[in-house]
Amino acid sequence: MFLKKDIVKSIDRDPLRRQIAKRQLRDRLFALAGLGVMAAALLVLLALLGQLAFDGIGRVSWQFLTAYPSRFASQAGILSAWVGTVLVMFLTALTAVPLGLGAAIYLEEYAPKNWLTDLIEINITNLAGVPSIVYGLMALGLLVYEFHLGQSFLTAGLTLAMLILPMVIIATREAIRAVPPQIREAAYALGATKWQTVRDHVVPYSMGGILTGMILALSRAVGETAPLITVGALSFIAFLPHPPLSSEFPFFSFQWLFDPFTVMPIQMFNWISRPQEEFHVNAAAAGVILLLMTLAMNALAITIRARFRRRIHW
Amino acid sequence: MNAEAVLKRAEALRLSSRLLSHGKERAIEALLLFAALSSVAITVGIVGVLVYESIGFFRQVSLLDFLTDRQWTPLFSEPHYGILSLVSGTVVTTAVALAVAIPMGSLIAIYLSEYASRSIREIVKPALELLSAVPTVVYGYFALLFVTPVLQTLWPELPGFNMLSAGLVIGIMIVPYVSSVSEDSMRAVPVHLREGAFALGATRMQTALRVVFPSALSGITAAYVLGISRAIGETMVVAIAAGMQPTLTWNPLEPAATMTAYIVQVSLGDLPHGSVGYQTIFATGLTLLLMTLVFNIAGHVLKKRYRQVY
């Protein structure tokens with residue numbers, strides 16, 4: 001009698017227990033899978049960084065930074081490439097920052113609700129999804145051949161500026177939107193005009209987010225290769241552009257804007273596509289420096305974000 | 001009398017300065033509108049240039065040949081203009097990339113949003129963002145000189161240029177795009193939905209897969225579409241690691257050129273402006289743009305369909 005009851009109990013409970021145990025086991029395996037995949041992605045990142053550093057770091061030297069490209073791998077350097085990157089980035093920032101900031105301010109603070117605003121908004125989201133090489137094609141047809149700017153620094157800077165403009169606008173809008181409306185109302189109540197409110201309150205208070213977005217966008221532009229190949233970057237430039245400043249009157253010149261250009265990723269690509277192994281070492285070294293540039297910009301963006309987040313309490 | 005004149009004068013001055021500042025306000029607004037319109041000008045420029053040059057191309061090559069010819073040899077003495085050879089390269093590398101990125105990105109997103117502790121999330125998220133900060137040319141180096149040799153030890157007959165390693169590396173590259181957008185939308189699912197599932201005795205995995213994932217599907221679709229358009233448009237990795245030879249093949253173990261790689265290859269050479277060869281890159285670019293546009297629109301439609309209102 002007693003025995004029978006126990007048997008009944010065990011028959012009833014065990015499948016349920018087993019079911020629960022099975023489900024819990026599956027849950028744990030699933031969590032493990034998630035953890036494993038995450039670790040795998042990070043391991044790949046480590047492998048990539050490790051491989052690049054292992055191949056290239058021995059080649060990074062003062063000579064490498066101050067030499068022009070050469071037919072001999074051991075004498076080649078990246079002087080024209082890094083100078084090119086700095087100059088192109090300068091032009092890109094000079095174009096994309098004011099345009100992006102202006103567009104974002106307009107869309108967040110001024111834009112009425114009408115078809116034009118809708119058009120601009122839809123247009124910006126779609127532009128962000130256009131492959132970067134398509135910007136290169138556009139710049140080739142329009143800037144190089146239609147406006148006759150040539151395959152120059154100016155073309156390169158404008159191309160990358162157009163490429164990152166949607167990114168800059170989206171990031172700046174997000175930053176501006178984080179400023180609470182009470183701030184604006186308080187400014188209006190004190191008699192400030194719209195522009196005064198924007199200039200003295202909205203933009204300064206969202207500066208952290210704006211700067212972060214702009215630096216991140218520029219760090220994307222530093223590594224961009226494809227659109228610059230399309231507009232005609234040269235991969236073998238053994239001279240520097242005309243200096244923008246000089247000791248003679250009128251002390252500055254815009255000649256450099258129309259000089260042929262190269263940038264870091266183009267130089268690296270050129271070295272990768274050669275069959276000789278010594279050039280691959282150069283490519284790795286250029287990659288190390290390129291990566292340091294983008295990582296430094298990312299780190300700067302993260303620091304700025306953290307600093308501003310700590311300082312502002314609404 | 002005198003005082004009245006002064007007052008009047010002051011009033012007039014205030015009015016004029018107000019008018020002046022009003023004018024300044026309007027001028028600034030116009031300038032800002034101009035900045036916003038510059039983005040529209042870019043789109044007009046892109047569509048205009050691609051369409052204009054493609055019209056020149058299609059004057060000399062029939063659309064039928066373009067779509068049905070099985071060879072792409074525009075620079076040979078007997079040219080063929082079959083875009084399918086380039087589309088196949090793009091489709092294969094994108095498919096390989098998505099086979100990596102969608103499962104990995106989704107699993108990472110589920111883990112980060114449903115399982116991971118706050119401290120793990122704080123460490124892993126910036127590290128993953130780093131994956132998307134690495135320049136694509138560095139990924140190309142990695143694909144050609146690390147992934148391909150590793151694959152060759154497993155598969156000795158694998159050629160030095162192949163779509164598999166390029167696709168795998170693109171997959172890893174777009175994991176952070178897929179995972180971060182998916183995770184954001186999963187974390188936006190209200191907690192009470194999860195609590196409801198837990199109260200019914202669901203495990204975390206069941207809750208994640210059957211409650212949170214479907215509720216966040218709208219945002220997850222957007223993440224997938226973002227990944228797809230990045231993979232289609234990716235250029236440097238395929239140009240470096242997949243080879244530059246246009247071949248109509250669906251086998252990822254073979255070398256083949258994608259649409260983007262072809263554009264790079266032609267741009268590296270020196271084709272005369274206005275020739276058919278020069279126009280081919282614009283026709284290719286237009287095809288590429290249309291493909292990404294189709295996916296973006298599809299994504300938009302799906303995103304709307306799956307949108308949940310809590």
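Observations
- Here residue B:21 qualifies as part of a helix (DSSP H, G or I), exposed (fewer than 14 other Cβ atoms within 10 Å of the Cβ), small (Gly, Ala, Ser) and without any contact (Cβ under 8 Å) to a residue 24 or more places away in the chain.
- Applying the condition of being small (Gly, Ala, Ser) and assigned to a helix (DSSP H, G or I) to region B:161-190 and asking which residue is nearest to the chain's Cα centre (by Cα) yields B:171.
- Taken over region B:265-299, the criterion of being surrounded by fewer than 16 Cβ atoms within 10 Å (Cβ to Cβ) and either more than 9 Å from chain A (Cβ to nearest Cβ) or over 19 Å from the mean Cα position of the chain (by Cα) (or both) is satisfied by B:269, B:270, B:272, B:273, B:274, B:275, B:277, B:290, B:294, B:297, B:298.
- Matching residues, region B:26-68, being outside any helix (DSSP H, G or I) and under 14 Å from residue B:284 (Cβ atoms): B:61
- In region B:204-217, the qualifying residues are those that are touching a residue at least 40 places away in the same chain (Cβ under 8 Å) and touching a Leu at 6+ places or on another chain (Cβ under 8 Å), and the one that is surrounded by the fewest Cβ atoms within 10 Å (Cβ to Cβ) is B:215.
- Considering the conditions (1) assigned to a helix (DSSP H, G or I); (2) exposed (fewer than 12 other Cβ atoms within 10 Å of the Cβ), residue A:71 is excluded by exactly one of them, (1).
- Residue A:196 being within 14 Å of chain B (Cβ to nearest Cβ), more than 30 Å from residue A:53 (Cα to Cα) and of a type in the set (S, T, N, Q): yes
- Residues being touching a strand residue (DSSP E or B) at 6+ places or on another chain (Cβ under 8 Å) and at pLDDT 90 or above - total across region B:48-69: 0
- Residue within region A:91-99 that is at negative phi, in a helix (DSSP H, G or I) and at the interface with chain B (Cβ under 9 Å from one of its Cβ atoms) present: yes
- Checking the stated criteria, residue A:230 turns out to be touching a Leu at 6+ places or on another chain (Cβ under 9 Å) and within 10 Å of another protein chain (Cβ to nearest Cβ).
- Of the residues screened, residue B:193 is one that is of a type outside the set (Lys, Arg) and more than 14 Å from the chain's Cα centre (by Cα).
- Among all positions in region B:175-197, there is at least one residue which is farther than 30 Å from residue A:23 by Cβ, in contact (Cβ under 8 Å) with a residue 24 or more places away in the chain, buried (at least 22 other Cβ atoms within 10 Å of the Cβ) and of a type outside the set (Phe, Trp, Tyr).
- Looking only at region B:92-126, and only at residues there that are free of Cβ contacts under 8 Å to residues at least 60 places away in the same chain and under 25 Å from residue B:164 (Cα atoms), the one that is farthest from the other protein chains (Cβ to nearest Cβ): B:103
- Members of region B:136-158 that are in contact (Cβ under 8 Å) with a residue 60 or more places away in the chain and facing chain A (nearest Cβ under 8 Å): B:136, B:137, B:139, B:140, B:141, B:144
- So residue B:142, is it in a helix (DSSP H, G or I), over 17 Å from the mean Cα position of the chain (by Cα) and surrounded by fewer than 22 Cβ atoms within 10 Å (Cβ to Cβ): no
- Residues that are buried (at least 20 other Cβ atoms within 10 Å of the Cβ), farther than 22 Å from residue B:91 by Cβ and of a type in the set (S, T, N, Q), drawn from region B:218-229: none
The values are calculated or read from the model by the stated rules, or taken from the named source; none is laboratory data. Model, not experiment: these values are computed from the prediction. Glycine gets a Cβ as well: all are built from the backbone with ideal geometry, and neighbour counts include every protein chain shown.
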